[in-house]
Amino acid sequence: MRRIYYLSFIYYLLFHVCMSVRADEGMWLLGKTDPKAMAVARNLGLQLTDEQLYGEDGTSLKDCVVDFSDYCSGVIVSADGLLFTNHHCGYRAIQQLSTPEDDILGNGFVARSYAEERPAKDIFVKIWQRTVDVTEQVTHELDSIYASKGKNLKAQQKAEIYADYIGGILSSIAAKAESRAADEGRKSIVCDCKAFYGGKVFYLNEYKRYSDIRLVFTVPQSLGKFGGDTDNWMWPRQTADFSVFRVYADSLGQPAEYSETNVPLRPKRWAKVNLDGFGQGDYCMTIGYPGSTNRYLSSYGIDERVNISNIPVIQVRGVKQDVWRRWMQADRSVGIKYASKFASSSNYWKNSQGMNEAVKRLGIIEQKQQREQDIRRWYSAKPELKARFNTMFPTLKQSYIARRDARHAVGFVNETFYRGIEIINFARMAGRYNNAVGDARQTLDDYVRDSYKDYDARVDEETMAALLENYAAQVSSKYLPRFYGDIRKKYNNDYRAYVREIFAGSKLTSYNGFYALTHAKVRAGVHYEDSLEQAVADKKAYQTYLNSDPAMHFYKDVDDMVKSVIAKPMSETASIIAYNEDLLTQAVLEMEQEQPHYSDANFTQRMSYGIVSDYTNAGTHHDFLTTMPSLIEKIEKGGDNPDYAMQADILKLLKSGDYGRYKDLKTGQLPLCFLTTNDITGGNSGSPMFNGKGELIGLAFDGNWDALSSDISFDSALTRCIGVDIRYVLWLMDRWGQADNLINEILTSSDLQ
């Protein structure tokens, strides 16, 4: 139960006003959090002052929280730049460092010195520096553009202009800010500029970006991914979802590309770990980088999300993953290559299923429709508001209906061709290659080379045959690219035969072939291989040659269909929907202006407050904590389920009962994972979970199945954040990894805070 302290009658009233916005809902921008929301957080147990939590001019807790490669979060835990994030966040880097001969993905890895730490390719860390309100600047630039387009523009015209220009305006502001920082000697600063509250407010964010990141520790995936697809988004959990990296900098502590002369970062702030544990009702706070929520989305938008957009994710990925799974289980080299891709695909495949189930079970669309009736009554009572908002809902309804068929096709196109069949993306890269120059060409070449390292043409060939046949069964005939006519007539609907011929004739099944195709010199219809430095003699002839590759021809047919059939209905409605969805957000903010409101997540640093808490759903009670016996039971009763398989030596360690200083004092067992009421979404993975003193008690890694609709509608009774207990993390580093060097570094650093 929440602890409510009636300190005074005034505070009692303040608390209940705040509770009306659901105390644990909210992803709050630090430094811009509504005082009422902060009052609730402090009532729940937050003991830090604003300056200790967020201090732009000093050192505060926010300085130890990082953006991990623009898709996860992380936390610095030592004075020498040691960093914790989730195992699934580090999964790509771990997989890239693995080979069948040195399988650290399967066997784990421990660096016992700086020299043994392994550079993690394509991983970076951004540390937030400050946020600047640029709303006035953005508004001024938009107004200037509107004025240049004519007088008395209608709302729809402004919406289209906004959609066309806002991205360029925000990018320009960010680029100028980076240039100013460089002129001031702050060359390591990178910036982004983003919209908040449906385009009502705009903030510029400054970060320091560190690109020399090295893997320090990972448990075997049997621990780090324990439960796999079976347990993903489920509770109870026993997953050791953590990995350990280190941030490196130059001798002056500034970001630098990888170099043997770089040294561990000496951060402004690091987190102190807490081994004392916690109990039901104790305060918990996450700080991280949530990626995307749509809490202000209309009922029409929710309907499209669950009944149109999520359907191809579920249906197509199921087909693709069946093929991938067979190959991964049969060939360890394929298992390593496809491990990260499969995990990413499977994650949102299951998330889409859970969201659809929760939206239906909880009646989310009906709830949203009722709320929209309240909004209609509110603006209808005032003529000036009615003039602004009266066409909003009818326009949304009409626009979503108008694009429904095309949106259905878009989902199947994306999941089949661009996220399912890999060779088509190599064809896209080949098409771009000839126009890329300088650094852009080198970046593209690096991306392609790395992509081929995790590619197996045999797997892709079987996947392509399965997905092409599936696609034809899911969409109407007008969305079939031209090659379907060849499959029917020339190949008698034998998809395998058609695909076999493409793979036999295409150069794009390997990096060497890609290089040969993109570096060919063409003259008078004759081509030969040539060096990168020499230009193509005849661009038109080269393009003809490029398109002669069967995979390129396949890609062109898909691209032509998209441009001729799908693009128009999608583009005609996109700005209309975006404008009116933003208008709906602003209507909500005006109608409830006395209540605190947070902006939807957009991968900027946010704070969420809550408590450690169990929950009950449909008569089933879920405890807030799992301990070692539950893990051992799952392993022993797992049967043939590979998601519960465990190496014999690790199982022996788990059964040892040797938990030392890491055991939970109340249960006498090793704590594994726990539940809180914190508000999280994708991108929050790896977010530190702090107690009221700002001490690290865990790492957030998942949400619960019962409330997977929380990205679009938060349910305070059911929504839970799942975290791995920091005591389980340190126990595995200590007992399994025997990483005394790292344990001492972490605990010594904690003593210094």
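Just so you know, all these numbers are worked out from the coordinates, no wet-lab data involved. Since the model is a prediction, treat every value here as computed from it, not as a measurement. Cβ atoms come from the backbone with ideal geometry, glycine included; neighbour counts cover every protein chain shown.
Remark: the Arg432-Asp276 segment gains 50.6 nm on full extension, using 0.36 nm per residue and subtracting the alpha carbon distance. Restricting the calculation to Cα atoms, every distinct pair contributes to the Kirkwood radius of the stretch 284-414, found to be 17.8 Å. Here the stretch 49-87 is scanned for amide nitrogen atoms under 14 Å from the site 7 Å beyond the Cα of Arg266 along Cα-to-Cβ, giving 79-81. Other residues with beta-carbon under 13 Å from the beta-carbon of Leu699 carry, at +1 per Lys or Arg and -1 per Asp or Glu, a net charge of -1. A helix-only calculation puts the chain at -14000 deg cm²/dmol for mean residue ellipticity at 222 nm, using -39500 (n - 2.57) for each DSSP H run of at least four residues, averaged over all residues. Here the relative contact order of the stretch 299-569, from alpha carbon pairs under 8 Å that lie six or more residues apart, stands at 21 percent.
In this calculation the C-beta distance from Thr667 to Tyr71 is compared with R0 = 35 Å, giving a FRET efficiency of 0.50.
Sparsely packed loop sites in the stretch 163-266 (the GluC sites (Glu not before Pro) outside DSSP H, G, I, E and B with at most 10 other Cβ atoms within 10 Å) comprise Glu184, Glu257, Glu260. The fewest-to-most ranking of Val134, Val247 by surrounding Cβ atoms within 10 Å reads Val134, Val247. Between Arg361 and Ser179, how high is the FRET efficiency from 1/(1 + (r/R0)^6) when r is the Cβ-Cβ distance and R₀ = 45 Å? Nearest 0.05. After rounding, the FRET efficiency stands at 0.30. Ignoring the sites themselves, the chain has its longest run without chymotrypsin sites (Phe, Trp or Tyr not before Pro) in a DSSP loop having at most 11 other Cβ atoms within 10 Å at 7-753.
Per-residue packing, averaged as other Cβ atoms within 10 Å, sorts the ranges 95-106, 675-686 into the order 675-686, 95-106, beginning with the highest. Separation of the stretch 379-393 and the stretch 278-329, taken as the distance between their Cα centroids, equals 34 angstrom.
Distant-in-sequence amide contacts of Ser60, defined by a placed amide H-H separation under 5 Å and a gap of 5 or more residues or a different chain, comprise Gly55. Modelled spin-label separation between Lys478 and Tyr258, with each label point placed 7 Å from Cα along the Cα-to-Cβ direction: 5.1 nm.
Using 0.36 nm per residue and subtracting the Cα-Cα separation, the extra length available between His519 and Ile401 on full extension is 37.8 nm. For the pair Gln543 and Glu136, label points projected 7 Å from Cα toward Cβ lie 4.8 nm apart. At 25 °C and 0.890 mPa s, what whole-number value in µm²/s does Stokes-Einstein give for the translational diffusion of the stretch 299-569, with Rh from the Kirkwood sum over Cα pairs? Once the numbers are plugged in, D ends up at 115 µm²/s. Once each part is reduced to its C-alpha centroid, what is the distance from the stretch 435-461 to the stretch 234-259 in angstrom? The distance from the Cα centre of the stretch 435-461 to that of the stretch 234-259 comes to 26 Å.
Each of His408, His621 has some number of other Cβ atoms within 10 Å of its Cβ, and from fewest to most they run His621, His408.
The trypsin sites (Lys or Arg not before Pro) found in the stretch 197-254 that occupy coil by DSSP, while having at most 15 further C-beta atoms within 10 Å, are Lys200. Extension gain, Ser172 to Lys121, is 15.5 nm, computed as 0.36 nm per intervening residue step minus the present C-alpha separation. How do Ile697, Ile364 rank when sorted from fewest to most other Cβ atoms within 10 Å of their own Cβ? So the ranking, lowest neighbour count to highest, is Ile364, Ile697. With a cut-off of 17 Å on the backbone N, the residues of the stretch 440-473 near the modelled label site 7 Å out from Ser510 along Cα-Cβ are 449-461. If R0 is taken as 30 Å, the Cβ-Cβ distance between Ala645 and Asp374 corresponds to a FRET efficiency of 0.05.
Listed by chain and number, the lysines whose alpha-carbon sits under 30 Å from that of Lys663, ignoring those within fewer than 8 places in the same chain, are Lys62, Lys225, Lys272, Lys634, Lys637, Lys652, Lys655, Lys693.
Here the contact order of the chain, divided by its residue count and restricted to Cα pairs under 8 Å and six or more residues apart, works out to 24 percent.
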